[in-house]
1. With the structure loaded, tell me whether ALA115 is at pLDDT 95 or above and closer than 12 Å to GLU13 by Cα or whether it fails that test.
2. Given the criterion polar (S, T, N, Q), within 15 Å of VAL5 (Cα to Cα), buried (at least 17 other Cβ atoms within 10 Å of the Cβ) and in contact (Cβ under 8 Å) with a residue 40 or more places away in the chain, identify the matching residue among SER96, SER64, SER60.
3. Is one or more of the residues making up the range 128-138 under 10 Å from ALA173 (Cα atoms) and among the small types (Gly, Ala, Ser)?
4. Here are GLU126, GLU144, GLU161, GLU102: which of them is surrounded by fewer than 20 Cβ atoms within 10 Å (Cβ to Cβ) and free of Cβ contacts under 8 Å to residues at least 60 places away in the same chain?
5. For the range 182-203, how many residues are within 15 Å of GLU244 (Cβ to Cβ) and either assigned to a loop (DSSP other than H, G, I, E, B) or in contact (Cβ under 8 Å) with a residue 40 or more places away in the chain (or both)?
6. So ARG45 passes all but one of these: (1) out of contact with any His (no Cβ under 6 Å at 6 or more places or on another chain); (2) without any contact (Cβ under 8 Å) to a residue 60 or more places away in the chain; (3) under 26 Å from MET152 (Cβ atoms). Which condition number does it fail?
7. When only residues in the range 204-220 that are without any contact (Cβ under 8 Å) to a residue 60 or more places away in the chain and within 21 Å of GLU230 (Cβ to Cβ) count, which is surrounded by the fewest Cβ atoms within 10 Å (Cβ to Cβ)?
8. I need the full set of residues from the range 12-40 which are closer than 16 Å to PHE62 by Cα, of a type outside the set (A, V, I, L, M) and in a loop (DSSP other than H, G, I, E, B), in order please.
Amino acid sequence: MQKIVECVPNFSEGKDQKVIHAIFDAAKSDKVKVFELESNPDHNRMLFTIVGEPEDVMNSVFGSIKVATKLIDMNNHKGEHPRIGATDVVPFVPVSGVTMEECVDLSNQLAKNVAEELKIPVFMYEASAKRPEYRNLADVRVGEFEGIKKEMRTPDYGPSEIHPTAGAVVIGARKYLVAFNVNLDTPEVSIAKDIAKKIREKDGGLPGIKALGFLVDGKAQVSMNLVDFEKTNFDQAYRAIEKESKDRGVEIKSSEIYGMIPLESLVAAIKSSFKADTFKSDQVLEKRLYE
């Protein structure tokens, strides 16, 4: 069986299209598939998906990290989304024929390359975490770029001082993640922040949900990472936000899935929304055609 991994690198640039496409193009090669480029000027952030064999994916993302290091100066960066570096976070996800342990090994190899060649401090998170206090991405990002610039924490790889322009980077291995945003029909960002606190797991909300409230395109947004869609899927998160927003006299304007999601997440949403208990992914025509 061919070994396939996914990598979804996030970079701290969402405004300058030349920089965005330079970073995106640097990942491209005939050995990997690179797609689903997403960027947002309010978050001032971009991401895309790389899929292929482990070594090829690692080489691909390293090419983009090198370009981001050259083109992004974190001293001039402002955006809604938390971040600590030009290349903010790089997760590896096992897709087929690859174990989580192999993705952990891959993340460590990339971390060594970034630290040694680019002189950027690296923190390891999720399954790759070397310290329990850094397993959660939000905990690594505490203080963001400005905070670690003033008081640098001990990284897992690389120099003990922050890179002067590229900051630091978080690298690791994790399960599939569904990035899901719900935009409210109000500019009152305090409502989004209140709903995010209500639904996220760490504050007693739904399991597997990380959520924050932002102002994006003039509207309040509940921005979520669903770290285990088998516990809480995006349709369940939507319904929870719909209830909370109605309780506050606010309507939902729109929602968006950010980046790629696994087919089984869509199947689960159909089962839940339409009580289609017997529906399965094998009923999707394209899946059967390309198996």
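1. It is false that ALA115 is at pLDDT 95 or above and closer than 12 Å to GLU13 by Cα.
2. Of the residues listed, the single one that is polar (S, T, N, Q), within 15 Å of VAL5 (Cα to Cα), buried (at least 17 other Cβ atoms within 10 Å of the Cβ) and in contact (Cβ under 8 Å) with a residue 40 or more places away in the chain is SER60.
3. For the range 128-138, residues under 10 Å from ALA173 (Cα atoms) and among the small types (Gly, Ala, Ser): present.
4. Every option except GLU161 fails the conditions.
5. The number of residues fulfilling the criteria is 12.
6. Against the list (1) out of contact with any His (no Cβ under 6 Å at 6 or more places or on another chain); (2) without any contact (Cβ under 8 Å) to a residue 60 or more places away in the chain; (3) under 26 Å from MET152 (Cβ atoms), ARG45 comes up short only on (1).
7. Looking at the filtered set, the residue picked out is GLY204.
8. Within the range 12-40, SER12, LYS28, SER29, ASP30, LYS31 qualify.
The values are calculated or read from the model by the stated rules, or taken from the named source; none is laboratory data. All values derive from a computational prediction rather than experimental measurement. Positions of Cβ are backbone-derived with ideal geometry, glycine not excepted, and every protein chain shown enters the neighbour counts.
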